[in-house]
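Written below as structure tokens is the structure these notes are about.
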Amino acid sequence: MKYKETLNLGKTAFPMRGSLPKTEPEREKVWFDEDLYGQRLAQNEKKPHFNLHDGPPYANGNIHLGHALNKITKDIIVRFKNMSGFYAPYVPGWDTHGLPIEQQLTKAGYNRKSMPKAKWRNLAKDFALEQVAKQKKDFKRLGVLADWDHPYITLQPQYEAAQLRVFGEMAKKGYIFKGAKPVYWSWSSESALAEAEIEYHDLKSTSLFYANRVKDGKGVLDNDTYLVVWTTTPFTVTASRGVTVGPDFDYVVVKPAGQDKKYVVAKDLLETVAPKFGWEDYEVLEEHKGSELENITAYHPWDKDVAEVVMVGDHVTLDSGTGLVHTAPGFGEDDYNVSKPYGLEVAVTVDEKGMMTKSAGPDFEGRFYDDVTGTVITKLQEAGLFLAKESITHSYPFDWRTKKPIIWRAVPQWFASIDGFRQEILDQLDNVNFYPAWGQKRLHNMIASRGDWVISRQRVWGVPLPIFYAEDGTAILDADVIEHVAQLVAKHGSNIWFEKEAKELLPEGYTNVHSPNGVFKKEEDIMDVWFDSGSSWNGVLRQRPNLDFPADLYLEGSDQYRGWFNSSLITSVAVTGQAPYKNLLSQGFTLDGKGNKMSKSLGNTISPAEVGDQLGVEILRLWTITVDTSQDMPVSQEILKQVADSYRKIRNTMRFLLANTSDFNYAKDAVPFEKREAHDKYATIVLNDLIKGIEEAYANYRFNDVFSKLINFINVDLSAFYLDVAKDVVYVEAPDSKQRRSMQTVFYETVQALTKLILPVLPHTAEEIWTYLPDDSTKFAYLQDMPEAKEFPEADDIKSKWQTIFAIRSAANKAIEMAREANLIGKNSEAAMTLYLSDEQLATVEALGLDLRLMLMVSQLDLKKSSEAPADVPSFDGVQIQVEKARGGLSPRDRRYHEDLGADSAFPELAAYEAKIVRDFYPEAVEEGFEK
């Protein structure tokens with residue numbers, strides 16, 4: 001028999017390499033075939049509910065890294081909650097209406113205007129469902145467990161009906177109205193846009209300075225005075241109806257040298273603008289407050305039939321320009337709001353395609369709005385009113401789908417009032433917990449400052465606005481009529497609106513005072529898609545059994561503060577008076593390794609599918625908890641390889657624990673806490689603290705804390721200490737010895753606890769480990785509960801004493817390192833050490849009943865009082881330590897030096913205590929002898 005055969009070298013079939021790309025799909029197939037999701041919910045049926053409501057991703061194309069981060073995080077939360085005493089269902093959803101799908105049909109060669117609307121919509125529906133199936137497959141490959149057979153999809157008839165009922169309730173409360181306010185208008189999409197459909201990019205524009213001659217100075221200004229006006233949108237001069245000044249700013253009337261004209265400009269900007277106009281010298285004639293100029297009129301630059309009114313407005317600033325802002329009520333929200341009390345005409349001189357209309361004048365009609373700047377300048381020059389132009393680069397809104405700049409344009413649209421219940425919305429935010437906390441202020445400010453919500457869209461693929469028009473043009477917003485339409489849609493789907501005439505959609509025989517003959521027209525616009533997804537609290541949470549309203553958690557990217565978080569909040573408060581979520585968690589965006597935004601055009605994207613095929617989705621899942629998701633986070637192939645290294649560390653640690661518990665039966669062999677060795681008690685307490693810390697981090701959505709605590713435990717508490725000294729016990733001590741069983745008890749409790757703790761993040765790995773654990777009571781680890789942290793009354797005292805031990809160990813390691821550098825020893829086991837300890841330190845070692853030699857991993861250790869230390873013994877961190885070459889011979893079995901090596905005649909090459917182990921536990925060795 002060889003010496004190694006007398007060692008308890010652990011064995012396990014758990015592979016060192018996981019072969020994740022191969023084994024993950026196999027494991028997922030078992031989960032879905034055996035309905036692991038349903039099994040867990042059935043097990044939790046009578047437990048308290050936790051409902052994470054899924055924000056619907058848009059059904060268009062394969063998923064990207066942002067999708068993966070989102071869905072993996074949700075899966076982590078749901079798995080943790082189900083393992084922590086909650087009934088936590090997860091119903092996935094998809095957003096399926098809107099322009100992007102119509103664009104895809106156009107790219108495929110279909111022409112929307114060449115076919116009936118219902119046919120176009122059927123094509124859109126088929127395309128959307130194809131995308132849902134594609135993305136569902138992608139999400140399932142991430143290991144996400146959900147009710148995949150019963151998702152919610154915004155095109156489902158029941159969902160559409162629930163959405164119409166939200167609209168109906170808001171209409172009933174007077175929150176729905178039609179107006180001609182300026183809205184974000186996308187000429188590239190030929191439709192109004194909501195704030196959530198806008199993104200900002202830098203845009204180079206031409207700004208103009210020109211003069212408007214005063215028509216009626218109201219006794220404040222002479223009629224030959226000129227107002228110096230500034231605009232950054234030259235095309236809107238065609239619809240200019242006023243000039244806005246700051247009521248509290250000071251304005252001066254100046255006469256440039258060599259000119260007969262007098263000009264009005266903000267006093268604080270005079271020195272800045274004078275050089276632009278070539279005013280080398282000038283005289284200040286008068287000074288007025290902005291409020292004194294109110295209601296003065298001036299001539300339009302070239303349309304003498306239009307009188308422009310001077311108004312006061314708080315949106316005017318002195319950051320740039322002249323302090324007098326050109327105002328076109330039909331082309332700007334501020335312009336509209338400031339001019340409304342003055343009763344100015346809301347002129348619109350651009351059509352839905354961005355082309356100038358007849359009302360702009362013959363010089364402009366039929367031309368694209370962005371091509372007329374030169375003509376505007378020419379007309380100003382011809383009138384002797386042009387002063388200067390500048391090229392400026394500024395942040396400007398773009399259509400997030402077409403990537404083209406938008407304009408503000410006043411056209412008749414349907415709106416949802418925000419002013420009608422704004423304070424009620426803001427008050428509800430006090431009832432929501434935000435993660436991160438700054439999310440509350442962000443959403444509060446967005447609601448506080450947003451205008452009324454334009455909810456109509458000039459498109460086809462979406463849920464219709466259930467509005468009829470009477471013979472006299474009156475819009476019918478009758479609650480009973482809307483409910484009747486909702487019932488039709490619930491039965492037939494929203495296509496019925498486009499397939500039937502108005503009379504077929506109304507209750508039989510319906511008339512009212514505006515249409516006594518029963519003749520009605522139906523609205524052709526559809527609802528904003530944010531109204532679709534923003535109604536999910538009603539279409540899902542209040543419709544499906546075992547779901548709760550409000551939801552416990554909404555989780556999406558930080559862009560959803562102006563998107564789904566926002567629209568859901570508005571519709572929910574409008575109808576129910578409360579927020580649809582109790583907790584709101586937002587995440588940042590994924591960046592490449594250099595911190596740049598990921599973009600297909602830049603070629604810096606990473607496909608989740610490719611990561612799964614190359615490294616395994618476990619690496620992607622682990623990455624999600626290595627980063628702080630409250631802000632934008634980098635990811636690259638190099639970063640993922642680093643994550644893979646961490647994964648291997650976790651896996652190999654679990655493999656070591658499994659291997660060294662392969663001959664351990666917890667029910668029979670476990671050592672109770674009070675009888676465990678000192679180091680095992682400490683390891684138990686540290687494990688207990690880990691359980692508390694990780695579960696608390698999960699519960700508060702601090703997933704990067706889960707990772708840091710896990711890795712610190714593995715690298716520091718296990719690898720650098722406990723498992724480092726473990727081999728001298730689990731390999732060497734007798735198989736059934738108390739010392740070995742004590743340590744194996746901790747090993748087993750550790751691997752059990754870690755398997756459950758990592759399961760929400762690494763479910764494939766956890767389930768694989770579970771198949772190698774003895775005494776498992778269920779086939780799936782996911783059917784287990786999270787480990788329960790225990791209370792040890794003496795825990796704090798033990799941890800305090802161990803801080804003393806670790807201080808001694810740190811000092812001893814420094815002493816060994818110095819001896820190694822002096823070539824006195826190589827390994828720790830070649831050292832004989834004398835420690836000179838204080839009375840307190842010695843008392844601590846004795847109180848713990850600790851084998852300190854084992855902790856230091858030296859062959860011989862002598863403990864003495866510090867008062868006995870010779871003066872020439874070096875001190876390390878206040879501890880005097882003497883290191884010498886170990887005495888005796890090297891045991892080939894435990895690789896330590898023993899002074900009595902060879903003392904037992906039967907086994908001359910073994911230390912006496914080892915010989916006894918062999919004799920007692922390996923009797924066959926006595927008969928066979930040992931190889932020398």
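Only the coordinates and a few stated rules stand behind these numbers; no lab work does. Bear in mind the structure is a predicted one, so any value in this text is a computation, not a measurement. Note: ideal-geometry Cβ built from the backbone for every residue, glycine included; neighbour counts use all protein chains shown.
What the table shows:
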quantity: Whichever aspartates and glutamates have a C-alpha closer than 13 Å to that of LYS267, once near sequence neighbours (fewer than 8 apart) are set aside; calculated: ASP248, ASP250, GLU283, GLU286, GLU287, ASP319
quantity: Region 334-461: relative contact order as a whole-number percent, Cα under 8 Å and 6+ apart; calculated: 17
quantity: Residue order, fewest to most beta carbons within 10 Å, for ARG401, ARG40; calculated: ARG401, ARG40
quantity: Ranked list, fewest to most other Cβ atoms within 10 Å of each Cβ, for HIS492, HIS300; calculated: HIS492, HIS300
quantity: Ranking of HIS150, HIS64 by count of other Cβ atoms within 10 Å, fewest first; calculated: HIS150, HIS64
quantity: Debye intensity ratio in log₁₀ form over the Cα atoms of region 48-121, taken at each q of 0.12, 0.14, 0.24, 0.25 Å⁻¹; calculated: -0.51, -0.62, -1.07, -1.12
quantity: Span from the region 366-437 Cα centroid across to the region 130-163 one, whole angstrom; calculated: 35
quantity: Distribution of pairwise C-alpha distances over region 1-112, 10 Å bins, in %; calculated: 11, 24, 26, 19, 12, 6, 2, 2, 0
quantity: Assigned charges on the beta-carbon of Lys, Arg, Asp, Glu; the chain dipole about Cα centre (debye); calculated: 1920
quantity: Percent of beta bridges antiparallel (DSSP, the chain, rounded to nearest 5); calculated: 70
quantity: Cα gyration tensor, region 138-233 - rounded (a/c under 1.5), prolate or oblate; calculated: oblate
quantity: Convex hull per residue volume in Å³, alpha carbons only, for the chain; calculated: 236
quantity: Subset of LYS74/LYS756; LYS125/LYS521; LYS117/LYS500; LYS358/LYS389 violating a 19 Å alpha-carbon distance limit; calculated: LYS125/LYS521; LYS358/LYS389
quantity: Relative contact order %, the chain, counting alpha carbon pairs below 8 Å whose residues are six or more apart; calculated: 14
quantity: Members of LYS134/LYS582; LYS181/LYS204; LYS692/LYS799 lying beyond 22 Å, as alpha-carbon distances in this model show; calculated: LYS134/LYS582; LYS181/LYS204
